[in-house]
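Some notes on the structure that comes next.
What follows is calculated from the coordinates using simple rules that are stated; it is not laboratory data. Predicted model only: the values in this text are computed from it and were never measured. Note that we place each Cβ from the backbone using ideal geometry, even for glycine, and neighbour counts take in every protein chain shown.
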Amino acid sequence: MEQVGAVLIDIDGVLTVSWEPLPGAVAALERLCAAGLPFALVTNTTSRTRASIAGRLAEAGFPVGADDILTAPAITAAYLREHHPRARCLLLNAGDIRSDLTGVTLVDEPDAAPDRDVDVVVIGGAGREFDYAALNRVFRHLQRGARLVAMHRNLYWRTADGLDLDTGAFLPGLERAARVEAEVTGKPAEAFFATALAHLGADPSATLMVGDDIESDVVAAQRCGITGVLVRTGKYLPETHRAATGKPNHVLDSFAALPGLLEHLSTSSG
């Protein structure tokens, strides 16, 4: 495996579905650890904090800790601190991720807040919280001049019950209605991949990105010089694969096949 310097790995749809491990995923990640290959789990998941994700994965047998995980909320916090310092932010998200939004001032009572008290609307992952009233509050704040920051544009994700709608199904409507353009911080933003590479001290040309979303995971990583590996699990759909704007470097049936690919790449490069 020495020809590959690092691996970036999506979680939902690659390692797990509804937080249940996919067949062979634990063993495959254990093989990466045994080989001493640096990796980071990079995810647009917005329903849990890094510590919560690490705990859930560890309970399932994955050899990971919080330091191995980079989430869209953590990247978003860094973005807000740099680009919107001291801004008062209204968060719309399914799940409590406040502990990962360090250094960000959150407005707790959007209905009672004066207009001037919301500088930035931050959109996370979709869920029951994305009802008409919440979306309309967001729309009104945007009309009043608030900036729009979105953690991602994912259209849907895979659950145990099938595909569920995600933020990308609502975000274009908000942008068009309010005549604004969202600042996106999670995948497929280049800054997200740059942060992940810096976290590992990795060269993009020697790094793989393994994901189930051909656009946000694979093609976006390839634009950053990273080798893209698509897995046929999670949200993977053949029609989405055929209609994609790019072609993966490698396609695997599942993450369980990654150690075999790494060995093949090592052999062919040697």
For the stretch 153-222, the dipole about the Cα centre with charges only on Cβ (Lys and Arg +1, Asp and Glu -1), to the nearest 20 debye, works out at 160 debye
Collect residues whose amide H, placed 1.01 Å from N in the peptide plane, falls under 5 Å from the amide H of Thr159; neighbours closer than 5 in sequence don't count. Asp164
Quick one: which residues, 5+ away or cross-chain, put their amide H under 5 Å from the amide H of Ile69? H built at 1.01 Å from N. Leu41
The stretch 122-262 - percent relative contact order, Cα under 8 Å, separation 6 or more: 17 percent
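Normalising by the residue count of the stretch 125-205, find the relative contact order in percent from Cα pairs under 8 Å and 6+ residues apart.
Numbers: 76 pairs, mean separation 22.6, N = 81.
Across the stretch 125-205, relative contact order equals 28 percent.
Rounded to the nearest 0.05, what FRET efficiency do Ala34 and Gln143 give with R0 = 41 Å and r taken as the Cβ-Cβ distance? Could you check?
Working: r = 55 Å, r/R0 = 1.34.
After rounding to 0.05, the efficiency reads 0.15.
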Which value in deg cm²/dmol, rounded to the nearest 500, describes the helix-derived mean residue ellipticity at 222 nm for the chain, given -39,500 (n - 2.57) per DSSP H run of n ≥ 4 and division by the residue count? -9000 deg cm²/dmol
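With a Förster radius of 22 Å, plug the Cβ-Cβ distance of Asp117 and His83 into 1/(1 + (r/R0)^6) and report the FRET value to the nearest 0.05. Present the calculation step by step, with values, prior to reporting the outcome.
Working: r = 19 Å, r/R0 = 0.87.
Approximately 0.70, to the nearest 0.05.
Nearest 20 debye, what's the magnitude of the dipole of the stretch 76-232 about its Cα centre given +1 on Lys and Arg Cβ and -1 on Asp and Glu Cβ? All intermediate terms of the calculation are to be shown ahead of the outcome.
On the way: 17 positive and 23 negative charges, 75 e Å.
In total the dipole reaches around 360 debye.
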Just add up the charged neighbours of Ala256: K/R +1, D/E -1, any other residue whose Cβ is under 14 Å from the Cβ of Ala256. -2
Test item: Cα-centred dipole of the stretch 37-129, Lys/Arg +1 and Asp/Glu -1 on Cβ, debye: 180 debye
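If I stretch the segment between Asp96 and Glu59 completely, what's the gain in nm (0.36 nm per residue apart, minus their alpha carbon distance), one decimal? Walk me through the intermediate numbers first.
On the way: separation 37, 0.36 × 37 = 13.32 nm, distance 2.02 nm.
Gain on stretching Asp96 to Glu59: 11.3 nm.
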Do you know the relative contact order of the chain, to the nearest whole percent, from alpha carbon pairs under 8 angstrom that are 6+ apart? 22 percent
Nearest-0.05 FRET efficiency for Glu263 and Asp161 at R0 = 45 Å, using Cβ-Cβ distance, is 0.80
Using the basic label-point model (7 angstrom from Cα toward the beta carbon), what is the Ala66 to Glu190 distance in nanometres? 3.2 nm
